[in-house]
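K.L.:
Sharing a structure with you now.
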Amino acid sequence: MKSPDAEQELFTESYCRVCSAQLISESQRVAHYESRKHASKVRLYYMLHPVDGGCPAKKLRSENGSDGSSVDKNKCCTLCNMSFTSAVVADSHYQGKIHAKRLKLLLGEQPALKA
């Protein structure tokens, strides 16, 4: 069961911590919180960060199960906070621009700016 206090910290009127989205107006806030993308990220967030403090969802564990903290990269990308329906979709994501940009930011490199 989700605690109301934890949700208030994640979802405020001006900022969504799960999506890292700044919400300026009422219409923007409503549109964001009702969007499919937000719902998907919230589901993934609660799978990776269970409210009861337990382990992440078993279906996100690696196939061999030897490392309890690892997540199957064909199921989700914790860096981009995305979940995948198949290995093909996962491969496409890992080869894409969004993942490459976030990886560069994580490694401390400046993303290339378009002229």
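Every number in this text was worked out from the coordinates using simple rules, so none of it is lab data. Just so it is clear, the structure is predicted and the values come from calculations on it, not from any experiment. Note that we place each Cβ from the backbone using ideal geometry, even for glycine, and neighbour counts take in every protein chain shown.
K.L.:
Between GLU26 and LYS73, what is 0.36 nm times their sequence separation minus the Cα-Cα distance? Round to one decimal in nm.
P.N.:
Here the segment from GLU26 to LYS73 would lengthen by 13.3 nm.
K.L.:
A further question follows. Find how much the distance from HIS49 to TYR94 grows on full extension, using 0.36 nm per residue of separation minus their present alpha carbon separation; answer in nm with one decimal. Let's see the in-between values first.
P.N.:
On the way: separation 45, 0.36 × 45 = 16.20 nm, distance 2.25 nm.
Extra length available between HIS49 and TYR94 comes to 13.9 nm.
K.L.:
Sticking with this structure for a sec: Any chance you could run the full-extension gain for LEU10 through ALA39? It's 0.36 nm times the residue separation minus the Cα-Cα distance, nm to one decimal. Show your work: numbers first, answer last.
P.N.:
Details: separation 29, 0.36 × 29 = 10.44 nm, distance 1.31 nm.
Here the answer is 9.1 nm.
K.L.:
Okay, moving on. Report the local net charge at GLN28: Lys and Arg +1, Asp and Glu -1, summed over other residues whose C-beta lies under 13 Å from its C-beta. If you can, show how the numbers build up before the last one.
P.N.:
Details: positive: ARG29; negative: GLU13, GLU26, GLU34.
Here the charged neighbours net out to -2.
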